[in-house]
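Worksheet: one structure, shown below.
Please treat every number below as a calculation from the coordinates, not as lab data. Everything quoted here is computed from the prediction, not taken from an experiment. Heads up, the Cβs are rebuilt from the backbone with ideal geometry, glycines too, and the neighbour counts pull from every protein chain shown.
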C-alpha cells in the first residue's frame, strides 16, 4: 500500500502541472472524548488528493487517495466514458451513491460545513450503517426540465464486509464495515450491493434539492465465511438553501437480516429507522454556526446495530466554522453521543483547507 | 428696471442653497459616471451564437454544459483583473467568491467533471478564446475595443455598484 501511495503522490505532483483538475485537501484534526486522556495521538494530520481528467474523445479518469499517519487508502479509482453531456458510465471503485451527505461530501473536509458527519452516514469503518464504497459499475445521468434538473444514479458492485478488526477511516475496536480493496481483491470476503438514487433540484443554479434512494447490500462477516447479512435501506433526503439559512435532513428505513449466533440459531429479521437534521446559518462570509440532531428509532435489540458498536444511536452537535483565510477554515464542535450501553461527549477542533 | 434687477437678485439669493446642492451633486457624480467601465461576455469573432439568456450564462460559468446547434459551449474565468472578477460575481453569478469557488470545487470533486478553467492574464485569455470557436469569457468593454479578434456577446453590468 505504501508503494501505491508513493506512486499516486508522484502521479499527483506531476499532474498538478498538467491540464487536469487537481485538488489537495489537507486537514489537522484534534479530538477529545470527555473523561479520557488527551495525548498527541488525538491530533491527526491527513491529506486527501484528488485528480480527474476529461479527454476530448469522451474518456474520463478519476483518482482519489486519502493518506494519514496510520491509513493509506485509494478512495476512488474510476475509469469512465461520457456518452453525452448528461450521461456518464464508470467502472472501478467509487462512493456508494446513497442519500445526500454521502454523495455530496466524503473526504475533503473543507467542503462540508461541520467537522463530523451525521452518525448514520458516517464512514463504514467509523461506525456508519451503510457501506461507503462499491467496486463495479456506475451510471450517472441528468435530465433538465426548465430551470430544474433530475439526476439519477445506478450502481452495482462489490460491497463491504463486516469485520471485527475495524476498517479504515480511523476505525478502532469493535465491528465495522471494511471496503473491498481494489488493489488487493483477494483480501476479505465480499458480496454484491446495488444502489439506485433519484434527486431533483428545482433550480440548477441553487443548491436546494430533494430526493430518494434504495440500496440492497449482501454483507459477509469474518465470523464465518457462510454468514451473510442482508441490508435493505430506502431513504429520503432534502437540502434546503435560502439566503443565509441551510437545512439538511435525511430519514432512512432499514430492514436487516442477521444470522443469530446464540443457541436459538436462524436469523433475526428486523426493521428500524434513523434520521438527522442539520441547520447552518452563514452569518457572513467568515462565520457559520451550526447544530445537528440525529436519532435512531425502533432499534431495540437489533443485531445489526449491535454488531456496529461505534455507531452512536443518538447525537446532538453544536459547532462553528470560521473561514479565516481564502480556502482555509477552522472549525470547533461538541457532540453529545449516546451508544447502545454508553454515552459521552466529544470535542473536535480542526483546520482544513483546499489547494490550489 | 431697478425693481426687476432687485427681483432677479432676490430669486438668485433665495435659491442659492439649491443651486449649490445641484452643482455639488452633479460635480460628484460626473467623475464616477465618466470612469464607469462596462463588463461584457465575449467570444472569438468567428463564433455565431444565438443570444444566450442570463440563466444560460450562469450555467456556463457554474460549469454546466450549454448546447447550441449541436455544439457544446464552455467558459473561461478571467482572473486577470480583480475588479472585473468582482463585478462578474456580483452582476452575473450572484455569489460571493468563496461560495462560487467552493461550488465549482465541490462539483468537480463529486462528479469528476472538468472545472471552469481560469486565465490569469488578458493575453492568455485572448489566445484561449481565439483557439476555439466554442468558448466564452468576460472582460471590460474598453478592452474588447482594442482586441480585433474578440466580439461582445452580452452585457453583464458596470462597476458603479459596490
(request) Would you compute, from DSSP H runs of 4+ residues alone, the mean residue ellipticity of chain A at 222 nm, taking -39500 (n - 2.57) per run and dividing by the full residue count, rounded to the nearest 500? (result) -1500 deg cm²/dmol
(message) Give me the mean projected area, in nm² to one decimal, of the convex hull enclosing the Cα positions of the stretch A:83-193.
(response) 8.3
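Over all pairs of distinct alpha carbons, what does the Kirkwood formula give as the hydrodynamic radius of the stretch A:208-256, in Å? Please list the in-between numbers first.
On the way: mean 1/r = 0.0767 Å⁻¹.
In the stretch A:208-256 this quantity evaluates to 13.0 Å.
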(message) Modelling each spin label as a point 7 Å along the Cα-to-Cβ direction, I'd like the residue A:36/residue B:53 distance in nm, to one decimal.
(response) 5.3
(request) Classify the stretch B:62-162 as rounded, prolate or oblate from the Cα gyration tensor: take a ≥ b ≥ c as the square roots of its eigenvalues, call it rounded if a/c is under 1.5, otherwise prolate when a/b beats b/c and oblate if not. (result) oblate
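What order, most packed first, do the peptides A:176-182, A:339-345 have when packing is the mean number of other Cβ atoms within 10 Å of each residue? Write down the numbers at each step before the final one.
Values: A:176-182: 23.9, A:339-345: 13.0.
Highest mean packing first, the order is A:176-182, A:339-345.
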(request) Starting from the Cα of residue A:194, step 7 Å along the direction of its Cβ; do the same at residue A:293; then give the gap between the two resulting points in nm. (result) 3.7
(request) From zero up to wherever the largest Cα-Cα distance of the stretch A:205-356 sits, split into 5 Å bins and tell me the percent of pairs in each. (result) 2, 8, 13, 15, 16, 14, 12, 9, 6, 3, 1, 0
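Can you sort A:95, A:107, A:255 from fewest to most other Cβ atoms within 10 Å of each residue's own Cβ? Show your work: numbers first, answer last.
Numbers: A:95 21, A:107 25, A:255 15.
Ascending Cβ contact count within 10 Å gives the list A:255, A:95, A:107.
If R₀ is 22 angstrom, what is the calculated FRET efficiency for the pair residue A:71 and residue A:164, using the beta carbon separation as r and rounding to 0.05? Each step should come with its number before you reach the end.
Numbers: r = 18 Å, r/R0 = 0.83.
After rounding to 0.05, the efficiency reads 0.75.
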(request) Tell me the Kirkwood hydrodynamic radius of the protein assembly as shown in angstroms, computed as one over the mean inverse distance between distinct C-alpha pairs. (result) 25.7
(request) Determine the shape class of the stretch A:287-356: with a ≥ b ≥ c the square roots of the Cα gyration tensor eigenvalues, call it rounded for a/c under 1.5, and otherwise prolate if a/b is greater than b/c, oblate otherwise. (result) prolate
(message) Per 0.36 nm of contour for each residue apart, how much would the distance between residue B:142 and residue B:38 grow if the chain were fully extended, relative to their Cα-Cα spacing?
(response) 36.7 nm
(request) Consider a paramagnetic label point 7 Å from the Cα of residue B:152 along Cα→Cβ; state which residues of the stretch B:119-135 have an amide N under 19 Å from it. (result) B:126
